Structure formats: C-alpha cells, structure tokens
Amino acid sequence: MKKSALKWITTVPVAVALALSLAACGGATSTSSAKPTDALAGSDQVSLDKYTTADVTAVDKIDTSALGLIVPGTITVGTLSDAPPNIFIDKDGNFTGYDNELLRAMAKKLGLKVEFKSTDFSALLSQVANKTFDVGSSSISTTDARRKSVGFSNGYDFGYMAVVAKSDSTVKGFKDLSAKTRVAVVQGTVQDDYVTNTLKLEAVRFPDYNTAYANVKNGQVDAWVAPSQQATGQVKDGDGTAIVESVINTQNFTAYAVSPQNKPLIDALNSALDAVITDGTWAKLTKQWYPERPMPENWTPGSKAVKLP
C-alpha cells in the first residue's frame with residue numbers, strides 16, 4: 001500500500017474562504033451543525049470520560065429477553081459494505097471487518113446472534129433512531145450532535161483522519177485544502193462536518209467511500225478527506241494515489257449506535273465490550289485489523305473499570 005509523506009500530528013491549520021461549488025453524484029446542499037467542531041483538535045481525557053460508564057453489569061447477569069430487539073435473540077445491525085478494514089463484505093459475501101467482528105464477539109458473550117444489513121452511512125443513524133436496526137456498526141465517531149438523536153455504547157476504538165490525493169498532486173496535507181480545492185467527503189460523516197464547518201469549504205459530497213475514492217482516481221476531485229482506516233482500505237499500489245497526511249483524532253471515540261430509548265441494549269453492549277477486553281479478544285482483533293497503527297496515549301476502550309490484560 002502506498003503512503004506518501006505520511007504524518008502523525010495532533011493539530012492542523014484551518015483553511016479559509018469559500019470553495020468552488022461542484023455538482024456530483026451524491027452531492028447535496030451544504031449541511032452545518034449548530035456549533036462548528038474541530039475534529040482534529042485533539043482531546044482532553046475528561047471530555048471522553050464524561051460519556052464513559054464507571055462500571056458495567058457482569059455479562060452473565062444481563063437479561064437478554066429485555067433488550068427490546070427487533071428479532072428476539074438476534075441483534076439486527078446496520079452497517080456498510082464498502083469500508084475496509086472496518087466494515088465491508090468479503091469475497092465470499094460475508095459482512096466482516098474490525099467493527100463487525102468485534103460486535104460478533106460481543107454478541108457471543110451475550111448468547112445472541114447477529115444479522116448484518118447493508119445501508120448508506122448518511123441514513124444509518126436515523127435508521128437506528130427509528131429502530132429499523134438495533135445497532136449501527138460503522139466506526140461511528142460519537143459527536144455531541146449525534147448524541148442528540150442516538151445513544152452510544154462505551155468506546156471501542158478511536159480514529160485518524162486522512163487526506164487522499166493523486167501521487168503527483170500539489171495537495172500534500174490538510175494545509176493545502178483551500179477554496180480552489182475540490183474536496184470529496186462522504187455525506188453525513190465527521191469528515192463532512194470538518195470540511196464544511198471547520199475549514200469552511202464547500203465539500204463535494206458522495207454517498208459512499210467507493211464513489212468518493214473513484215472520483216479522486218479519475219481526477220473529478222482534487223482530494224478526499226476520509227477516515228484513515230477507510231483510506232487505508234481503498235488506496236492500492238498502482239492506483240496513482242496516496243495517503244498524503246493522516247492525523248490522530250481522539251476528540252470523540254468510536255462506538256456502536258443504539259436507539260436512545262433502548263438503555264438495556266446499551267448496557268448489554270457495554271457489558272459485552274468489557275468482557276471481550278478482559279479476555280484479550282479486543283486486543284487480538286485490534287492487532288489483526290490494524291497491525292501497524294499506533295495507539296494514542298492515555299486512551300483505553302470500554303468502561304472506566306475494565307483493564308487491558
């Protein structure tokens with residue numbers, strides 16, 4: 001995999017001015033949050049801890065008949081099909097990836113089955129909120145804005161944000177994104193919010209990661225601001241593209257989304273998450289799917305009481 005001028009930093013400069021508008025497949029009118037957020041501003045651990053439970057109920061004490069599941073005994077999960085290594089469909093047609101395999105392991109701790117169903121990220125959170133799915137699994141950053149519509153488990157991962165561009169492009173990182181740059185994002189993502197509300201640029205929105213990346217390769221856009229995990233899964237040797245910068249983001253951990261009214265299911269997921277952390281499954285899967293990714297300092301998954309083995 002080609003990674004040119006890869007940099008791991010904690011802050012980036014903010015670009016200014018409005019960008020040129022470009023109509024594209026999946027494009028939409030500019031969205032904005034009530035309060036612009038800087039997804040790359042880093043995090044003080046206190047801001048993460050206020051959303052992390054102090055402890056959990058022992059997993060064998062969870063009453064799975066009281067979880068309000070759409071199908072009793074089965075967690076119905078909305079996920080994506082095109083975002084390796086986190087969430088994707090393998091060559092045999094099976095849903096897999098880090099997020100989904102971790103969720104499978106958690107469900108096993110609860111004695112539950114898992115049924116994955118494909119959707120677009122732009123629709124996922126509303127589908128979780130209206131209980132089309134029991135759980136959303138898509139490396140979801142737990143922003144304050146999203147907490148207004150859905151509930152979240154404790155954190156199981158963190159994220160990096162990347163800039164992908166042509167190998168010979170003058171775009172070499174976030175500092176090069178400007179009003180003259182056509183910047184692709186997947187609609188409704190943290191990257192969409194960052195480009196639109198923090199960088200104040202007119203993003204070119206696409207419905208999925210495959211389409212966003214394809215438009216970088218064919219030159220329809222100049223750069224793609226993407227989750228680093230998905231950028232890593234898309235960029236291949238010979239594509240003529242590169243991950244030119246990757247920046248750590250621990251401002252909001254990633255977690256599974258659940259209807260805010262279904263606290264029993266949130267509590268059950270938290271119990272199961274602590275269980276797979278304690279028995280080493282979380283560490284094993286993290287190493288398997290991210291063999292070279294550095295861990296941020298002072299960050300741990302699960303409740304405040306769980307300890308990594």
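Rule-based calculations on the coordinates, nothing more; no lab input. Since we're looking at a predicted model, the values are computed, not measured. Quick reminder, even Gly has a Cβ in these numbers, built from the backbone with ideal geometry, and neighbours come from all protein chains shown.
Rg and Dmax of segment 234-309, both derived from C-alpha coordinates alone, stand at 16.1, 48 Å. Projecting the Cα positions of Tyr213, Gln288, Tyr194 onto the charge dipole of segment 194-309 (unit charges on Cβ atoms of Lys, Arg, Asp and Glu, taken about the Cα centre) puts Gln288 furthest along the positive direction. Among the lysines of segment 140-245, pairs that are 8 or more positions apart or on different chains and have alpha carbons within less than 13 Å of each other number 4.
Its relative contact order, with pairs defined as Cα atoms under 8 Å and 6+ residues apart, puts segment 261-309 at 54 percent.
What percent do you get for the relative contact order of segment 55-192 when only Cα pairs under 8 Å and 6+ apart count? Display every interim value, and only then the final one.
Numbers: 155 pairs, mean separation 31.6, N = 138.
For segment 55-192, the relative contact order is 23 percent.
Residue exposure proxy: Trp299, Trp224, Trp282, Trp289, ordered by other Cβ atoms within 10 angstrom of their Cβ from fewest to most, comes out as Trp299, Trp289, Trp282, Trp224. In terms of surrounding Cβ atoms within a 10 Å radius of their Cβ, Asp99, Asp90, Asp267 rank from fewest to most as Asp90, Asp267, Asp99. Only the Cβ atoms of Lys and Arg (+1) and of Asp and Glu (-1) were treated as charged; on that basis the dipole of segment 59-193 about its Cα centre amounts to roughly 220 debye. As a rough footprinting exposure proxy, the listed residues Ser126, Ser137 were ranked by other beta carbons within 10 Å of their own, and the order from fewest upward is Ser126, Ser137.
Counting only residues at least eight positions apart within a chain, or on another chain, the lysines with an alpha carbon under 19 Å from that of Lys307 are Lys50, Lys109, Lys284, Lys287. Rounded to the nearest 20, the Cβ-based charge dipole of segment 229-309 about its Cα centre (Lys and Arg +1, Asp and Glu -1) stands at 260 debye.
Quick check for me: using +1 on Lys/Arg Cβ and -1 on Asp/Glu Cβ, what's the dipole size of segment 125-173 about its Cα centre, in debye to the nearest 20? Present the calculation step by step, with values, prior to reporting the outcome.
Values: 6 positive and 4 negative charges, 31 e Å.
So the dipole magnitude of segment 125-173 works out to roughly 140 debye.
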